[in-house]
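Peer 1: Dumping the structure here so I can ask a few things about it.
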Amino acid sequence: MPSDPALIQSSLPGFCPLAAAVESLALNGDIENRGAIFTRREVVDFILDLVGYTPDRPLSGYRLLEPSFGHGDFLLPAIERLLESWRRSGDTAHPFERLGSSIRAVEIHHETFRRTRTEVLAQLVGAGITVRVAETLADSWLIPGDFLLNDLPDPFDVVVGNPPYVRQELIPDVLMAEYRRRYRTIYDRADLYIPFIERSLRSLAQGGVLGFICADRWMKNRYGGPLRELVADAFHLRAYVDMTGTPAFHSEVMAYPAITIIAREDPGVTRIAHRPAMEAPALAALSAALTAQHVVSDHPVREIAAVGVGAAPWLLDTPTQTALVRRLERCLPTLEEAGCKVGIGVATGADRAFIAPLDTLDVESDRKLPLVTTRDIRGGTVVWQGLGIINPFADQGGLVCLDHYPRLKRYLERHKDLIARRHCAQKTPAHWYRTIDRITPALACTPKLLIPDIKGDAHIVYEDGHLYPHHNLYFITAEDWDLRALQAVLLSGIARLFIATYSTRMRGGYLRFQAQYLRRIRIPRWRDVPDPIRQQLCGAAEKQDRVACNQAIFDLYGLSAAERAVLENGTA
């Protein structure tokens, strides 16, 4: 590990908290906490083909990096290809001189490192290399330690692997602080694979290629913004292969995986494929199509230009869908630019204390509000189940004085053990009885559209201004737009088009109808909507007729036949 004056030193002589934190990870035998996921051989060969690490090339002259080699899922096949290329060259007299610089592979976990090193030695000896030279090669190739901190002999022609998927809370604070100091792409709740990708990209030589399989969330969500910007500024996303629903790993994973092939070269079009068959012949054929000079028109591989612009989410769907989204973005305002407001309902941090049937909440009448939850809108209309929520906020701002509300005070004191345990209460003990989010009673009286977070399709429910939304509901209010007409627009394929384009998918194909994605939806200004279309939209919403909603927005948005097909066929 390199010496670094910025590393945090302890007052104990000879003790470095940062080194101790790395050592704790190196000794951790919990595969889940280490983010170790094992990749199938067919997928490894597919990625090696895509980055051009093939035995017909002079691989001894290449420099390959594997940043987290684990049990050797990528490393051992790469060595196999390197040795085959070396044998084909005919110059096998001095293996260390020819191969010593060909590979660098890093692993933090001690036991895994030792086990895989043994396999590497067996592989080299099996290829006819003496034990002594094999050990010298292995010691040159394999680097124990933390990839994010170790010194490495940059640059590399090829970087491949499956970076560890580890949540920040599983990493010691001192180590996380050092990672943040070194890697600017660690943003918000970014998982560990984000700085792995950053360092790997920065380690590429000009023309070098990275091939990773990992979770696809960073390509669209908030914390992936800085990494997307890095790619857009200095690299070319050559290929993207959606691996959702494919058995790409030896165990089932929660995150949706994708393969990305990124090169340090001028930007260009991106070739895209979806959910290939996990069979070697099929993957070999797909690799040939993704790397061919030209894309064959009847092949499932597609090309999309300008997938990434700055830190914006990547648009990785069909060219027709992407073109429609781009056109609407060029010519129409966002929901909020058109006078609508997107928000999320109240989070309390202690629902069992703050939420109960309204008539059982023994507090002053102006200290409680009727609450709407996802259960109240399951059928597409509001059927209130009678819940209410405590409101500890004064209308003029701040919390109410409990001495002025004796019933509220008694109620909250009865639940204080639960309420005061919350992080927000411990942070500001004097405000222990506040909800996490401020409650504004006027919202309950405002007509609004309610939208659950996770759904397979747009679920847009009209609420006429009597209920306060719970935190698992997003809401839209409007200054100009008729909310019934807006409901029809959002029930049509337009909402799903934008949400599916920009949001990450959940297990089962569900979409996240979150505020950040809802705000990307484009609509005309209400003053620009002709009266006949206004009436058509309102009528379709009243009947909850999605076909009629689509028909109305075809004219509203001036969609071509091809664009209509995008919405009608559900390709969004």
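Peer 1: Only Lys, Arg, Asp and Glu count, each charged at its Cβ (+1, +1, -1, -1), so figure out the dipole size of segment 363-463 about its Cα centre, rounded to 20 debye.
Peer 2: On the way: 16 positive and 11 negative charges, 78 e Å.
Around 380 debye, computed over segment 363-463.
Peer 1: Quick one: compute the contact order of the chain, relative version, from alpha carbon pairs under 8 angstrom and 6+ residues apart, as a percent.
Peer 2: Details: 1033 pairs, mean separation 63.0, N = 572.
Relative contact order comes out at 11 percent.
Peer 1: Would you please calculate the Kirkwood hydrodynamic radius of segment 178-248 over all C-alpha pairs and express it in Å, rounded to one decimal?
Peer 2: 13.0
Peer 1: Just to confirm the number: angle between the C-alpha axis of helix 131-141 and the first principal axis of the chain, 0 to 90 degrees, nearest 10?
Peer 2: 30
Peer 1: Round to the nearest 0.05 the FRET efficiency obtained for Arg527 and Val383 when R0 = 45 Å and r is the Cβ-Cβ distance.
Peer 2: Approximately 0.85, to the nearest 0.05.
Peer 1: May I pose another question? If you take the Cα atoms of segment 287-435, find Rg, then find the Kirkwood Rh from the mean of 1/r over all pairs, what is Rg/Rh?
Peer 2: For segment 287-435, the value is 1.24.
Peer 1: Relative to the longest principal axis of the C-alpha atoms of the chain, give the angle of the C-alpha long axis of helix 546-557, reported between 0 and 90° and rounded to the nearest 10°.
Peer 2: That helix lies at roughly 80 degrees to the long axis.
Peer 1: For segment 344-355, take each phi angle, set θ = phi - 60°, evaluate the Karplus expression 6.51 cos²θ - 1.76 cosθ + 1.60, and give the result in whole Hz per residue in order, putting x for glycine and proline.
Peer 2: Those phi angles translate into 10, x, 7, 9, 9, x, 7, 4, 4, 8, 8, 10 Hz.
Peer 1: Among Thr320, Pro281, Thr334, flag the residue with its Cα farthest along the positive direction of the charge dipole of the chain, charges on Cβ as +1 for Lys/Arg and -1 for Asp/Glu.
Peer 2: Checking the options against the dipole of the chain, the answer is Thr334.
Peer 1: Still on this model: Once you sort the root eigenvalues of the Cα gyration tensor of segment 131-268 as a ≥ b ≥ c, which label holds: rounded (a/c under 1.5), prolate (a/b larger than b/c) or oblate (the other case)?
Peer 2: Taking the square roots of the gyration eigenvalues as a ≥ b ≥ c, segment 131-268 is rounded.
Peer 1: Going by amide H atoms built from the backbone, whose H comes under 5 Å of the H on Ala239, apart from near neighbours?
Peer 2: For Ala239, whose amide H was placed from the backbone, the distant partners under 5 Å are Ile261, Arg271.
Peer 1: Rounded to the nearest 0.05, what FRET efficiency do Phe38 and Asn569 have when you use their Cβ-Cβ distance and R0 = 41 Å?
Peer 2: Working: r = 37 Å, r/R0 = 0.91.
Efficiency, from the Cβ-Cβ distance: 0.65.
Peer 1: Moving to a separate point now. Just to be sure I understand: if I project the alpha-carbon convex hull of segment 35-158 onto a plane and average over all orientations, what area do I get in nm²?
Peer 2: Result: 7.3 nm².
Peer 1: Sticking with this one: Rounded, prolate or oblate: pick one for the chain, where a ≥ b ≥ c are the square roots of the eigenvalues of its C-alpha gyration tensor, a/c under 1.5 means rounded, and failing that, prolate if a/b is larger than b/c, else oblate. Spell out each step's value before the answer.
Peer 2: Working: a/c = 2.91, a/b = 1.53, b/c = 1.91.
Oblate.
Peer 1: Separate question: For the chain, with only Lys/Arg (+1) and Asp/Glu (-1) charged at the beta-carbon, what is the dipole magnitude about the Cα centre, in debye rounded to 20?
Peer 2: 820
Peer 1: Here is a further query. If packing is taken as the average number of other Cβ atoms within 10 Å across a peptide's residues, how do 258-268, 420-430 rank, most packed first?
Peer 2: 258-268, 420-430
Peer 1: Considering amide H positions built from the backbone, and no H for Pro or chain starts, which residues 5 or more places from Glu107, or on another chain, come under 5 Å of its amide H?
Peer 2: Sorted by chain and number, the residues that satisfy this are Phe69, Ile143, Gly145.
Peer 1: I'd like the distance between the alpha-carbon centres of segment 408-429 and segment 135-192, rounded to an integer number of Å.
Peer 2: 41
Peer 1: Here's something else I'd like to know. Helix 17-27 versus the longest principal axis of the chain: what is the Cα-based angle in degrees, 0 to 90, to the nearest 10?
Peer 2: With both axes taken from Cα atoms, the answer is about 80 degrees.
Peer 1: Also, quick follow-up: Kindly state, to the nearest 0.05, the FRET efficiency for Leu27 paired with Arg132, given R0 = 25 Å and r defined as their beta-carbon distance.
Peer 2: Using R0 = 25 Å, I get an efficiency of 0.25.
Peer 1: Tell me, rounded to the nearest percent, the portion of alpha carbon pairs in segment 106-155 spaced more than 17 Å apart.
Peer 2: Summing the P(r) of segment 106-155 above 17 Å gives 40 percent of all pairs.
Peer 1: Measure off 7 Å from each Cα along the Cα-to-Cβ vector at Glu119 and Asp480, then give the distance between these two points in nanometres to one decimal.
Peer 2: Taking the simple label geometry, Glu119 and Asp480 are separated by 6.2 nm.
Peer 1: Between Leu332 and Asp545, what length in nm is gained on full extension when 0.36 nm per residue of separation is reduced by their alpha carbon distance?
Peer 2: The Leu332-Asp545 span can extend by a further 74.2 nm.
Peer 1: Say each of Arg222 and Gln293 gets a label point 7 Å from the Cα, pointing the same way as Cα to Cβ; how far apart are those two points in nm?
Peer 2: 4.8
Peer 1: Go ahead and estimate [θ] at 222 nm for the chain from helices alone: -39,500 (n - 2.57) per DSSP H run with n ≥ 4, summed, over the residue count, rounded to 500.
Peer 2: Computed mean residue ellipticity for the chain: -10500 deg cm²/dmol.
Peer 1: Right, something else. Pull up all non-local amide H partners of Ala347: gap of 5 or more, or a different chain, and H-to-H distance under 5 Å with H placed in the peptide plane.
Peer 2: Here Asp437 satisfy the definition.
Peer 1: What does the highest-first list of 361-369, 140-148 look like by mean Cβ count within 10 Å? It would help to have the intermediate numbers written out before the result.
Peer 2: Numbers: 361-369: 16.7, 140-148: 20.2.
Answer by packing, highest mean first, reads 140-148, 361-369.
Peer 1: Sorted by average packing, counted as other Cβ atoms within 10 angstrom per residue and highest first, what order do 199-210, 116-127 take?
Peer 2: Per-residue mean Cβ counts within 10 Å order the peptides as 199-210, 116-127.
Coordinate-derived values only; no laboratory data. It should be emphasised that the depicted structure is a prediction, and the values quoted were computed from it without experimental measurement. So basically every Cβ, Gly included, is an ideal-geometry build from the backbone, and we count neighbours across all protein chains shown.
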